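Below is one structure; the comments refer to it alone.
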Amino acid sequence: MSKNLVIVESPSKAKTIEGYLGEEYIVKSSLGHVRDLPKNDKAIDVSNRFTPTYEISSDKKEVIKSLKALSSKADTIYLASDDDREGEAISWHLKEALGLQSTNTKRIVFREITKKAVLNAIKNPRDIDIDLVNAQQARRILDRLVGFKLSPLLWSKIRSRLSAGRVQSVAVRMIVEREREIEKFNSSSVFKIFGFFSFENEKIIKAELSKTFSTEEEATIFLKKCIGAEYSIENLEKKIAKRSPSSPFTTSTLQQEAGNKFGFSVVQTMRVAQSLYEAGKISYMRTDSVNLSDEAIEKIKNQIQTLYGENFVEIRRYKTKSESAQEAHEAIRPTDFSVTSTGKDDTEKKLYNLIWKRTIASQMKDAQIEKNIVTIKISTTSEKFIATGETILFEGFLKVYSVSKEEDDDEEKESDILPPMQIGNVLYSQKIYGKQTFSKPKPRYSEPTLVREMEELGIGRPSTYAPTLATIVKREYVIKESREAKERKFIEITLIKNIIETKTLMEKYGSEKSKLFPTQLAFTVNSFLIQHFPDIVDYNFTANIEKEFDEIADGKIQWQDMIENFYTQFLLSVENTQNIERSSFNQERILGINPTTGDKITIKTGRFGAFAQMGENTDEKKAKTSALKKGQYMENITLEEAMELFKLPKNIGLYENETMSVNIGKYGPYIKHKDEFYSIGKEKDPITLTEEEAITIIEALRIQKNNKILKQFSENNEIQILNGIYGPYIKFQRKNIKMPKGKKPEDITYLECLELIEKAPESQKKNIKNKKNKLS
């Protein structure tokens, strides 16, 4: 008996959907895209209106063979890939690769994997939307043309194995320009004055002076005026304010909030969201719409009434600010609002709960807040202290959800609940102090803040943020890391019991948590692209390209015309750049002269990044070189800082009667001791590292290494059983091989290890072939 064939993208989705359909349906997965442009220069026929040639991916040939056999026996084939441009293109490629006929091939879409949604899609099939396919084709072809022409240029002019892309290069530019802003920023300081006052010998009220002072002298003069002063309430002001809930999640706002609340990376957020979607728990996770269906709103309303009461309900309709957003789609939301918690692990439960709360809160009433502002009069001067407080009169949506405060936001002033007071009430000074505070540059981007700014600029789309961030890290343009706070001095002037005391104290500042730092390579490539391909990294130009893709999707313009308009000018820029000398981009910056030896000090770029060089290489003498420290770039390093680097390698003491020396290598700073190398770590400065710190690092790394090796073999010490984060594994040369299930490290024999190494997949055996003699 013939059956209907439903083809989806992922096996987990296929399993979920198969449970909703009867025995008349077979549900199979294509495992994503099945065809793509080949990697050679024959992929796109530029002279023939950019006609693409597609080929079935090598890892999908068996999938296509299996789907062809099933489709040849099926009455109707339903192409059920995702409801976006990428999904539409997958359906089109499947139809072409399988040789399907339009007479019995249907396109179905759903934005949540529920029985109702799937059955409704089966009842309402449509044809493949070729405009959506063309929009995806245009993006893929344009990005291939840019990458195919730009990447070899970068290889020949800067360094091999580099890449450039229409969206990734703009993201890199944003990170580089932010770093330059931070480097150029000159911090200034002011003195803020705070006062602690008692009221009726009970409540302590904290207030801040309504003005700041530029200097320590001005702040001290003010505190002297406060000696013997009387304080009283001059004015009381009450304001009723409201806070409204945020709209339901789009892809980018989910990425931002999951990053801010849980520290999830953009890639992790999308992976977890996709798992929830394919399990039927949430609606489709790639969307730029904040819209909710009438049916969803009704279910949310019922859930709010059940949990919190009628008084908390307020139906809201949200509209996105983006012109290109597809309002027919929905925001990311749960499929069943009565389920408050679900997921197969902690990360899924966290993300689902976040989505549930945000969606429920979006249909709740405003929070009502009473804000109190107290003006405190000083009898000896015209300046005023201001105290603020607030009381929540009605929780509204705050009963469920509050938007996280980004770590990059300025610190909010403390807001306490103030006691009942009246104008004229006397306050008593407990302490008044002035604190020196420093201005801050714009913060470095985190993944959430970069996504937010890219969205605001119109760069990229929901489906592109995660792969873009993954690419720029993989290509070593950007490093994602945390950095410890630095220390600085600040002045505090205190007035207590009519005595003024001035202290110089230390405070920590500038800690970085999971921020995006550009590498020297990013600076070099960005400068090259800005100089020779300004359109590629221009914010407005890149955003306008996205709008043109939208117009193709709407059937307003031909995709070939759009690409031709871009490619003509782009090709001219490529041709003009071919003749540029490589030496002009192997950047070199002359810092000055070593005052002692007269050698020239330069900063150059090499295979492993920027380095400092003293002198020139000659037959008689070799120039001295040193890698730069973390945070040093060709653009910002000074002569004095470079001279410090040439103090390396540096002996810092003895340990076990052997010298310890520190230096910076291609993998960062390290300690050398007894011909062993110990990584210092990114947080330590090798120049200031002490003997005691070095010994501590060596001993800690030795313990770590000893604990890692579970077993070694006398027959061949290259084979080891190591303890990894996922449990024990076999290590041979550069390859890691899984341990057999249930096998304990102490029980495995040398011969068993040899057998497992021989049976390792090819990807694990690249360096094992032709080395069997080492095993015996």
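General remarks:
- Which labelled figure in [x] 32.3, 100; [y] 29.6, 102; [z] 39.1, 135 is Rg and Dmax of the Cα atoms in Å, once derived from the coordinates: [x]
- Burial order of peptide ranges 646-654, 497-505, 445-453, 255-263 (average beta-carbon count within 10 Å, highest first): 445-453, 255-263, 646-654, 497-505
- 23 Å Cα-Cα threshold exceeded, pairs from Lys28/Lys106; Lys68/Lys115; Lys15/Lys60: Lys68/Lys115
- Using C-alpha pairs under 8 Å with a sequence gap of at least 6, the mean separation divided by the residue count of segment 32-135 gives a relative contact order of 24 percent.
- Förster radius 51 Å - calculated FRET efficiency between Lys68 and Tyr726 (Cβ-Cβ, nearest 0.05): 0.85
- Highest-first arrangement of 45-54, 60-69, where packing means the average Cβ count within 10 Å: 60-69, 45-54
- Segment 619-702: GluC sites (Glu not before Pro) falling in loop per DSSP and having at most 13 other Cβ within 10 Å: Glu620, Glu656, Glu683
- Spherically averaged projected area of segment 577-668 from its Cα convex hull (nm²): 8.6
- For Lys711, the aspartates and glutamates whose Cα falls under 18 Å of its own Cα, not counting residues fewer than eight places away in the same chain, are Glu746, Asp747, Glu752, Glu755.
- Using the Cβ-Cβ distance between Glu310 and Asp127 with R0 set to 56 Å, the FRET efficiency from 1/(1 + (r/R0)^6) comes to roughly 0.80.
- Distance in nm between pseudo-label sites at Phe262 and Glu620 (7 Å out along the Cβ direction from Cα): 6.7
- Taking every C-alpha pair closer than 8 Å and separated by at least 6 residues, the mean separation divided by the residue count of the chain gives a relative contact order of 11 percent.
- Gain in span if fully extended, Thr502 to Ser514, counting 0.36 nm per residue against the direct Cα distance: 0.6 nm
- Measuring against 23 Å, Cα to Cα, the residue pairs Lys474/Lys629; Lys489/Lys684; Lys299/Lys319; Lys371/Lys508; Lys513/Lys672; Lys261/Lys705 contain Lys371/Lys508; Lys513/Lys672; Lys261/Lys705 as the ones spanning a longer distance.
- Note on segment 149-244: Lys pairs 8 or more places apart or on different chains, Cα atoms under 22 Å apart, count 14.
- The spacing between segment 248-312 and segment 683-736, judged by their C-alpha centroids, is 43 Å.
- Each listed q (0.17, 0.19 Å⁻¹) maps to a log10 I(q)/I(0) for segment 87-223 from the Debye sum over equal C-alpha point scatterers, namely -1.09, -1.14.
- Distance between the pseudo-spin-label points of Phe194 and Ser293 (7 Å out from Cα toward the beta carbon): 5.2 nm.
- Straight-line cross-link reach from Lys350 at under 14 Å between alpha-carbon atoms covers these aspartates and glutamates, not counting any fewer than eight positions away in the same chain: Glu257.
- Segment 699-764 - percent of accessible surface contributed by carbon and sulfur, probe 1.4 Å: 51
- Per residue of the chain, the DSSP helices (runs of n ≥ 4 H) give a summed -39500 (n - 2.57) that works out to -10500 deg cm²/dmol at 222 nm.
- Solvent exposure of the chain, expressed per residue, is 52 Å² of accessible area, with all protein chains present and a 1.4 angstrom probe.
- Global geometry of segment 1-129, whether rounded, prolate or oblate, following the gyration tensor of its Cα atoms and the 1.5 cut on a/c: prolate
- Surface composition of segment 101-195: carbon and sulfur atoms hold 49% of the protein heavy-atom accessible area at a 1.4 Å probe.
- Figure note: Arg166, Arg85, Arg243 ranked by solvent-accessible area, largest first, 1.4 Å probe, ligands and nucleic acids not counted: Arg243, Arg85, Arg166.
- Label separation (Glu715 vs Thr690): 5.0 nm, computed from points 7 Å beyond Cα along the C-beta direction.
The values are calculated or read from the model by the stated rules, or taken from the named source; none is laboratory data. Predicted, not measured: the structure shown is a model, and the values here were computed from it. Cβ sites come from the backbone with ideal geometry, for glycine too, and all protein chains shown count toward neighbours. For accessibility, only protein heavy atoms count, side chains too; no ligands or nucleic acids. Shrake-Rupley method; radii C 1.70, N 1.55, O 1.52, S 1.80 Å.
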